[in-house]
Amino acid sequence: MAVVGVGIDVVDISRFLGELGRSPRLRERLFTPEERDLPPASLAARFAAKEALAKVLGAPVGLRWHDATVHRHRGGPPELVIGGSVAARAADLGITRFHLSMSHDAGIASAVVVAES
């Protein structure tokens, strides 16, 4: 195993919710159907996770938000499920696995993604 990259992102939850309120279609653009109805702090954390993932991948043009979904398993860590443009970029970089940590507290949501080969 070798670490290929690390990405981190922090989101102000109230500011993020304000953006979602001003741009109703933004929720549909950023999140997959299974993510869209989550509580506000969880949405902000998932946005931070997708931003951190983009940073790990070098934020290339053409990444699609719907090509990454955060799954949460009861009693287990969150998991990034990728496809399409995200999977293609990960393959180009030799990435075989992602590790994800998310948190939200005191009005801030954060996420860290570690990519390994």
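The values are calculated or read from the model by the stated rules, or taken from the named source; none is laboratory data. None of the values given here were measured: they were computed from a predicted structure. Heads up, the Cβs are rebuilt from the backbone with ideal geometry, glycines too, and the neighbour counts pull from every protein chain shown. Accessible surface is based on the protein model in full, side chains and every heavy atom, while ligands, DNA and RNA are left aside. Shrake-Rupley method; radii C 1.70, N 1.55, O 1.52, S 1.80 Å.
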Inside region 77-98, the number of residues satisfying the requirement of being part of a helix (DSSP H, G or I) and either small (G, A, S) or within 20 Å of D37 (Cα to Cα) (or both) is 6
If I ask for residues that are aliphatic (A, V, I, L, M) and at positive phi, which ones from region 46-76 would you list? A59
Restricting attention to region 99-115, does a residue exist that is part of a helix (DSSP H, G or I), aliphatic (A, V, I, L, M), surrounded by 15 or more Cβ atoms within 10 Å (Cβ to Cβ) and modelled with pLDDT of 95 or more? no
Output for Cβ contacts, cut-off 6 Å, separation at least six or different chains, first residue of a type outside the set (D, E) in region 10-21, second open to solvent by 70 Å² or more (accessible area, probe 1.4 Å), reads L20/R27
Please work out which residue is modelled with the highest pLDDT, limiting yourself to region 63-76 and to residues that are surrounded by fewer than 18 Cβ atoms within 10 Å (Cβ to Cβ) and part of a loop (DSSP other than H, G, I, E, B). R64
Tell me the helices (runs of 4 or more DSSP H) entirely within region 1-62 that contain at least 3 residues that are over 14 Å from the mean Cα position of the chain (by Cα). 13-22, 24-30
Regarding region 77-94, can at least one residue be identified that is open to solvent by 40 Å² or more (accessible area, probe 1.4 Å), small (G, A, S) and at positive phi? yes
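A quick yes/no check of all residues on (1) touching a Pro at 6+ places or on another chain (Cβ under 7 Å); (2) of a type in the set (V, I, T); (3) closer than 14 Å to G7 by Cβ:
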position: R72; (1), (2), (3): yes, no, no
position: G76; (1), (2), (3): no, no, no
position: I82; (1), (2), (3): no, yes, yes
position: V86; (1), (2), (3): no, yes, yes
position: G94; (1), (2), (3): no, no, no
position: H99; (1), (2), (3): no, no, yes
position: H104; (1), (2), (3): no, no, no
position: I108; (1), (2), (3): no, yes, no
position: A111; (1), (2), (3): no, no, yes
Could you list, ordered by first residue, the pairs with Cβ atoms under 8 Å in which the first is in region 105-116 and within 16 Å of F47 (Cα to Cα) and the second is open to solvent by 40 Å² or more (accessible area, probe 1.4 Å) and hydroxyl-bearing (S, T, Y), at least 6 apart or interchain? G107/S14; A109/S103; S110/S103; A111/S101; A111/S103; V112/S101
